[in-house]
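The values are calculated or read from the model by the stated rules, or taken from the named source; none is laboratory data. All values derive from a computational prediction rather than experimental measurement. Please note: Cβ atoms are built from the backbone with ideal geometry, for glycine as well, and neighbour counts cover all protein chains shown.
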Amino acid sequence: SPIPDFLDETLDRHRSDRSGANADYIPDLAAADPEKLGICLSTLDGVEYTSGDSDFEFSIQSMSKPFIYGMAIEQEGLAAVLDMVGVEPSGEAFNELSLDKMSGKPLNPMINAGAMVTHSLLGEPGTSLAERIEIVRAGLSEFAGRQLRVDDSVAEGEWGEAYRNVAIANMLRSYGVYTDQPDEVVQGYIAQCSILITTKDLGIMAATLAAGGINPITGKQVLSPRVNRQVLGVMMTCGMYDAAGDWMTEIGVPAKSGVSGGVFGVLPGQVGIATFSPRLDKHGTSVRGANIFRTLSRELSLHIMDAP
Ligand code: GLN
């Protein structure tokens, strides 16, 4: 049938591109098979079109951030979360030590500084590290429509090299953004990033956001429409960090990347798209993943700013 054939052809067209390099600062990502390549398109009624290594598991990394942002808003309310983390594009790398000069808070929840704050909000005050990790695991599982798990090896490897993220977490504490123990925030955040998903899971997670917060497999309303809209707005403007403008103007699909090599994109009311390929460009986005999105955007006319 036409869609699977088109996906096979699209992957074949990009398969031989070996540019970019695996993330090097997380041992398991450095050691990942760089040839893996997968794609999944998920419709809002849960039909999944896949090609390549779409059942291969990888860690979610920064692709967890929009979902955790949504969970934090559901728990705390939008005003309370906006009080702690802004929604302005930073134009900086994901791991920049940055706080908004005027407000003293992280610019947005897609960069690590903002993501650690939204992570820290989950659960009641006094929630233990293990409890918060379970809240995160259970919450991300709702988006995927199946029970996900943390890969402890990925998490331990990242923790061993987490100097930058520990610095960010300490900066947040010293500026009074939160009163949590910085090391625990980083450990919880790293566990969040180490949750394993497949490209198929990622397609369903994207389709959940495309469907206004309703998981197409379980039928469950995971995010309310207003929160879902908030998440997509922030993804659109901040999801690709310092490449957000290029991505939005050229490809035109709100998207989020992660250093494991996954990328997911959301076309509201239409489809969720997920790709996986480990070699990254200088922004930490999958090279083949971005090029596949470019191809799909062009050939399927997906740019959200095109008049229908
Ligand atoms: N765990 C990674 C980090 O904090 C996630 C970064 C990413 O995927 N861009 O460095």
Under the condition of being without any contact (Cβ under 8 Å) to a residue 24 or more places away in the chain and within 13 Å of the ligand (Cβ to nearest atom), which residue from the range 160-174 is farthest from Gly114 (Cα to Cα)? Tyr163
Residue check for Glu9: at pLDDT 95 or above, not in a helix (DSSP H, G or I) and not assigned by TED's automatic domain parsing to the domain that holds Asn95: no
Residue that is touching a residue at least 60 places away in the same chain (Cβ under 8 Å), out of contact with any Asp or Glu (no Cβ under 6 Å at 6 or more places or on another chain), over 13 Å from Tyr178 (Cβ atoms) and of a type outside the set (A, V, I, L, M, F, W, C), where the choices are Gly104, Gly145, Gly157: Gly145
Determine whether the range 67-88 contains at least one residue that is of a type in the set (Ser, Thr, Tyr), out of contact with any strand residue (DSSP E or B) (no Cβ under 6 Å at 6 or more places or on another chain) and within 14 Å of the ligand (Cβ to nearest atom). no
Subset of the range 214-234 (residues that are closer than 22 Å to Ser257 by Cβ and without any contact (Cβ under 8 Å) to a residue 24 or more places away in the chain): Arg229
So which residues in the range 111-138 are more than 14 Å from the chain's Cα centre (by Cα) and small (Gly, Ala, Ser)? Ala113, Ser120, Gly123, Gly126, Ser128, Ala130, Ala138
Looking only at the range 22-40, how many residues end up being surrounded by 14 or more Cβ atoms within 10 Å (Cβ to Cβ), within 12 Å of Ser277 (Cβ to Cβ) and more than 14 Å from the ligand (Cβ to nearest atom)? 5
